[in-house]
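Peer 1: Could you have a look at this structure, given as structure tokens, before my questions?
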Amino acid sequence: MHIFESTSELREQVSIWKMQGLKVGLVPTMGNLHAGHLSLVSLLQAQCDKVVVSIFVNPTQFGPGEDFDRYPRTFQTDQQQLSSINTDAIFVPSVEQMYPFGILQTVVSVPHRLTSLLEGERRPGHFDGVSTVVMKLFNMVQPDLAVFGQKDYQQLRVIQTMVDELAIPVSIVMAPISRTEKGLALSSRNQYLSAEQHAVAPKLNAALLDIAAALRSGNRDFKALTKVATQRLLLEGFDAVDYLQICDPQTLLDSTSNQSKFIILAVASLGRTRLLDNILLN
Ligand code: PAF
């Protein structure tokens, strides 16, 4: 497995692969890898010849007071896990490599209609940080495909929109959410949870599954469905429900009753830890 810190060496390797007619996939990550990340690598391995995993804790997507400083940096174990599943290369740029002209000079900004609601409303500037770093990673790695998890669904829509509107020659693959046996969506942030909070956390998915079942059986009273689920989560031990909404999967605006495709999006907090989850219904 190659480990690249410099963009020029990585590019040289990628161009050799491409000259050999090989298809290159990218899995962008912030490290602290778990089974969910590894499933993204496996998904791309089935569609590409070579898979590059980038590890970069991107300072520009963390707001003031968020967990940038305490975000776990676990390069040794990340490297072992990636090597054990035959990843071809890891790209680990430094902050100076990624932002040689300083933080957020030229910014890629996806339209507000998609970035100012839900996570964007609660984390101003977050998606500018994400779209800018992902654009940079695409330019640095030059992959044919890149994979993003459905768990961060709004992020996926933001990147898909950037790719479509800027005609970036990268195909975006959506990976299904990996979960624990009890249904908790895997996330690096789950390790912040205490044992007690761990016991409560899967109830978020259970609440979303109940809404999904109601929608499937024809219930279109979105307000009542989300209100009841929110109250239930608070009773079951969540400290706050940031949002729980039934939305249009394309626009992320609130659903209207004559739609047939839905995404149920939720963020609920246990202490300082925000847990994201969603269910897509087509
Ligand atoms: O989802 C993440 O881990 C990050 O937002 C990403 C896409 C790697 C950009 O820093």
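The values are calculated or read from the model by the stated rules, or taken from the named source; none is laboratory data. Every value quoted in this text rests on a predicted model; they were computed, and no experiment measured them. Heads up, the Cβs are rebuilt from the backbone with ideal geometry, glycines too, and the neighbour counts pull from every protein chain shown. What goes into the accessible areas is simple: the full protein's heavy atoms, side chains included, and nothing from ligands, DNA or RNA. Shrake-Rupley method; radii C 1.70, N 1.55, O 1.52, S 1.80 Å.
Peer 1: Can you name every residue in region 136-146 that is in contact (Cβ under 8 Å) with a residue 40 or more places away in the chain and more than 10 Å from the ligand (Cβ to nearest atom)?
Peer 2: PHE138, MET140, VAL141, GLN142, PRO143, ASP144, LEU145
Peer 1: Turning to a different aspect of this structure: Yes or no: GLN81 under 20 Å from the mean Cα position of the chain (by Cα) and either in a strand (DSSP E or B) or within 13 Å of the ligand (Cβ to nearest atom) (or both)?
Peer 2: For GLN81, the condition - under 20 Å from the mean Cα position of the chain (by Cα) and either in a strand (DSSP E or B) or within 13 Å of the ligand (Cβ to nearest atom) (or both) - is not met.
Peer 1: If we scan region 216-229, do we find a residue that is out of contact with any Cys (no Cβ under 6 Å at 6 or more places or on another chain) and closer than 30 Å to LEU26 by Cβ?
Peer 2: no
Peer 1: Condition test on THR87, is it under 16 Å from the mean Cα position of the chain (by Cα), more than 12 Å from the ligand (Cβ to nearest atom) and not aliphatic (A, V, I, L, M)?
Peer 2: In short, no.
Peer 1: Report the residue count in region 96-135 for those that are over 17 Å from the mean Cα position of the chain (by Cα), under 18 Å from PRO64 (Cα atoms) and within 15 Å of the ligand (Cβ to nearest atom).
Peer 2: Final tally of qualifying residues: 2.
Peer 1: May I ask you to verify whether GLN197 is touching a residue at least 12 places away in the same chain (Cβ under 8 Å), outside any helix (DSSP H, G or I) and touching a strand residue (DSSP E or B) at 6+ places or on another chain (Cβ under 7 Å)?
Peer 2: Answer is no for this residue.
Peer 1: Do we find that THR161 is within 12 Å of the ligand (Cβ to nearest atom) and not in a loop (DSSP other than H, G, I, E, B) in this structure?
Peer 2: In short, no.
Peer 1: Further question: Is there any pair with a first residue in region 15-30 that is away from the ligand (no atom under 16 Å from the Cβ) and a second that is aromatic (Phe, Trp, Tyr) whose Cβ atoms are under 8 Å apart and which are 6 or more apart or on different chains, and what are they?
Peer 2: VAL24/TRP17
Peer 1: Can you tell me how many residues in region 165-181 are exposed (fewer than 14 other Cβ atoms within 10 Å of the Cβ) and not in a loop (DSSP other than H, G, I, E, B)?
Peer 2: Qualifying residue count, region 165-181: 1.
Peer 1: Restricting to region 42-73, what's the tally of residues that are within 25 Å of LEU193 (Cβ to Cβ), more than 11 Å from the ligand (Cβ to nearest atom) and open to solvent by less than 40 Å² (accessible area, probe 1.4 Å)?
Peer 2: Qualifying residue count, region 42-73: 3.
Peer 1: Show the residue pairs meeting these rules: Cβ distance below 6 Å; 6+ apart or different chains; first residue within region 57-68 and of a type in the set (A, V, I, L, M, F, W, C); second residue within 9 Å of the ligand (Cβ to nearest atom).
Peer 2: Filtered contacts from region 57-68: VAL57/MET30.
Peer 1: In region 175-226, what residues are under 19 Å from the mean Cα position of the chain (by Cα) and on the phi > 0 side of the Ramachandran plot?
Peer 2: GLY183
Peer 1: Under 6 Å between Cβ atoms, at least 6 apart or on separate chains: pull out the pairs that start in region 226-240 with a residue that is closer than 19 Å to HIS198 by Cβ and end on any residue that is assigned to a loop (DSSP other than H, G, I, E, B) and open to solvent by 80 Å² or more (accessible area, probe 1.4 Å).
Peer 2: Sorted first by the residue in region 226-240, then by its partner, the list stays empty.
Peer 1: Whether any residue in region 28-37 is part of a loop (DSSP other than H, G, I, E, B), closer than 20 Å to PRO143 by Cα and open to solvent by 10 Å² or more (accessible area, probe 1.4 Å) is what I want to check.
Peer 2: yes
Peer 1: Take the residues in region 188-199 that are within 16 Å of the ligand (Cβ to nearest atom) and open to solvent by less than 30 Å² (accessible area, probe 1.4 Å), then tell me which one is nearest to GLY237 (Cα to Cα).
Peer 2: It comes out as ASN190.
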